[in-house]
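Notes to accompany the following structure.
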Amino acid sequence: MFYFKRINDDKEYEVSEYVNSYLKKNSIIKIKIYVGCDSQNFKSSTTYATTIVFHLGNNGCHFIYRKETIPKIKDMWTKLWGETKRSVEIANYLKNNNILIDSIDLDFNNKSIHWSNKLVSSSVGYVESMGFKANIKPKILPAISAADMMC
């Protein structure tokens with residue numbers, strides 16, 4: 001089981017129950033669901049923020065998040081791969097609970113001048129091999145925007 005929070009309270013919600021309840025309450029709105037993860041290194045730790053974003057048609061977004069702080073990961077490839085793994089893990093959990101997502105947003109850039117470009121092929125391949133659609137920059141990535149804010 002995974003527990004996520006809303007930005008406006010500290011209560012933890014079991015993620016599949018929360019998503020199902022939210023979709024049921026807003027059933028008249030076409031909602032797209034995006035999953036993403038971002039990470040940030042601090043002095044002695046790495047913080048991952050994983051988000052589930054509900055895009056509410058033309059009415060904005062709502063999101064829930066999960067933060068995890070672990071000992072600092074100094075290797076950039078390992079840190080960024082951790083973002084991909086966490087996103088796929090949550091997407092699979094939702095899928096196993098009969099919740100379909102629209103895509104996984106990856107905080108990677110397709111331009112070779114960016115370090116994250118080195119992971120585009122492997123991360124997109126992994127996401128798609130698991131049956132999900134992957135989005136990368138320069139597309140607008142709502143789940144990454146929310147995750148970045150939470151880091």
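The values are calculated or read from the model by the stated rules, or taken from the named source; none is laboratory data. Here the structure is a predicted model, which means the values were calculated and not measured. Note that each Cβ is placed from the backbone with ideal geometry, even for glycine, and that neighbours are counted across all protein chains shown.
For the stretch 119-140, does any single residue satisfy the condition of being in a strand (DSSP E or B), over 30 Å from Ser27 (Cβ atoms) and at pLDDT below 95? Within the stretch 119-140 (the criterion being in a strand (DSSP E or B), over 30 Å from Ser27 (Cβ atoms) and at pLDDT below 95), the answer is yes, since at least one residue qualifies.
Applying the condition of being touching a residue at least 60 places away in the same chain (Cβ under 8 Å) and part of a loop (DSSP other than H, G, I, E, B) to the stretch 69-111 and asking which residue is surrounded by the most Cβ atoms within 10 Å (Cβ to Cβ) yields Ile101.
Checking each residue of the stretch 6-20 against the condition of being in contact with a Gly (Cβ under 9 Å, 6 or more places away or on another chain) and either surrounded by 14 or more Cβ atoms within 10 Å (Cβ to Cβ) or in a strand (DSSP E or B) (or both) gives no match. Each residue in the stretch 26-66 was checked for being part of a strand (DSSP E or B), over 11 Å from the mean Cα position of the chain (by Cα) and not aliphatic (A, V, I, L, M), and 10 of them qualify. Within the stretch 41-67, the residues that satisfy the criterion of being loosely packed, with under 15 Cβ neighbours inside 10 Å and touching a Ser or Thr at 6+ places or on another chain (Cβ under 7 Å) are Ser45, Lys67. All conditions but one from (1) part of a helix (DSSP H, G or I); (2) at pLDDT below 95; (3) of a type in the set (A, V, I, L, M); (4) more than 23 Å from Asp10 (Cβ to Cβ) apply to Ala147; the one that does not is (4).
The residues of the stretch 100-118 that are among the acidic types (Asp, Glu), at pLDDT 90 or above and touching a helix residue (DSSP H, G or I) at 6+ places or on another chain (Cβ under 9 Å) amount to a single one, Asp105.
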